[in-house]
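Below: one structure, written as structure tokens.
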Amino acid sequence: MQTLTLNNGVEMPALGLGVFQTPPDETRDAVTAALELGYRHIDTAAAYGNEREVGQAIRASAVPRDDLFVETKIWISDYGYDETLHGFDKSAAKLGVDRIDLLILHQALPSDFDKTLAAYRALEQLLADGKVRAIGVSNFMVDHLTALLDATSVVPAVNQLEIHPYFQQRPVLDFDDDHGILNQAWSPIGGITFYRGQGEDRRSVLEDPVVTAIAEAHGKSPAQVLLRWGVQQGRSVIPKSTKRHRIAENIDVFDFALSTDELKTLDALETGRRGGPEPTNVTLAAYGRDIPEA
């Protein structure tokens, strides 16, 4: 497994298993399969409601804890300094771990950015206390990052973003690169472009003829091409699947390389259309939800 070095020197596997929208009763089996197939990075979140099952699979595995990289996210309902410290306690207890490898803020909260800053300062304290190995953010745009960097001391190690050929967020990627923040792709195979769409908008980058032609040329699947596109450009990718054969397929992307022309062709698929929530629309009123106690 290829690894990436975060800005504080921590090594992270370049490819991991995501469990967004994986029901709790399927999460344990998906994580178990992933660990058996060689994954050593699992990404979850308090808001996913499946941290407990991720932890159960990790504890049942023969893989030593020190060989695993566990990542989770604090939800906006737990923003604020003390609230975020307690959010860590809830996540760590559900995961059954003493230390989380990467803890990130799930969204910026533009309508109450002071609460976002307080949450990040709590992450800084958790890092200083050795309770987490690295801290970061998710779905932060350039203005959010600029305000965060101006008000805090620790540069985020990671910014987890919607990144696939149909939506690449290049200004954010460039800002992150300039500041030593690793870009991490959620929906790296563009699944969100399919299951969130309606009618003519219901299109999948996996079925794009450009992608399928490149896949055929390499004897790989479209998903493997899209994951390779991300990894080869230095990003972390966390594809989600509950099917063992797909989980096995998704990790098999380190034995081929895309040409410069193929990378440019995939880059040219940009549509500028976001599949996930618009970051400026994320508010407690619209998206707040209680995160249960452990």
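The values are calculated or read from the model by the stated rules, or taken from the named source; none is laboratory data. Computed from a predicted structure; not experimentally measured. Reconstructed Cβ throughout: ideal geometry from the backbone, glycine too, with neighbour counts over all protein chains shown. The protein model used for the area step is the full one, side chains on, heavy atoms only, and it has no ligands, DNA or RNA in it. Shrake-Rupley method; radii C 1.70, N 1.55, O 1.52, S 1.80 Å.
Projecting the Cα positions of Gly190, Ala294, Val225 onto the charge dipole of the range 175-294 (unit charges on Cβ atoms of Lys, Arg, Asp and Glu, taken about the Cα centre) puts Ala294 furthest along the positive direction. From the alpha carbon centroid of the range 140-167 to that of the range 256-294 is 13 Å. Under 26 Å Cα-Cα from Lys131, which lysines qualify once same-chain neighbours fewer than 8 residues away are excluded? Within the straight-line cut-off, Lys131 pairs with Lys73, Lys90, Lys94, Lys115.
Looking at the range 107-250, send over the antiparallel percent of its DSSP beta bridges, to the nearest 5. Around 10 percent antiparallel, to the nearest 5.
Its Cα centre serving as origin, the chain has a Cβ charge dipole (Lys and Arg +1, Asp and Glu -1) of approximately 520 debye. Along its principal axes, the range 156-294 has C-alpha extents of 48, 37, 34 angstrom, given from the largest down.
Considering only trypsin sites (Lys or Arg not before Pro) in DSSP loops that have at most 16 other Cβ atoms within 10 Å, the longest stretch of the chain without any of them is 1-98. At 1.4 Å probe size, with the rest of the protein present, what percent of the exposed accessible area of the range 36-155 is carbon and sulfur atoms? Carbon and sulfur atoms account for 45 percent of the accessible area of the range 36-155. Here the extension length gained between Leu149 and Ala128 equals 5.8 nm, from 0.36 nm per residue of separation less the Cα-Cα distance.
A Förster radius of 35 Å combined with the Cβ-Cβ distance from Thr212 to Ser61 puts the calculated FRET efficiency at roughly 0.50. Accessible surface computed residue by residue for the chain, with neighbouring protein chains in place and a 1.4 Å probe, gives 41 Å² per residue. Ordering Leu17, Thr280, Phe167 by the projection of their Cα atoms onto the charge dipole of the chain, which places +1 on the Cβ of Lys and Arg and -1 on the Cβ of Asp and Glu, puts Leu17 at the extreme positive end. Exposure here means at most 15 other Cβ atoms within 10 Å; with chymotrypsin sites (Phe, Trp or Tyr not before Pro) in a DSSP loop as sites, the longest stretch of the chain lacking them is 1-253.
Volume per residue for the chain equals 125 cubic angstrom (convex hull of Cα atoms).
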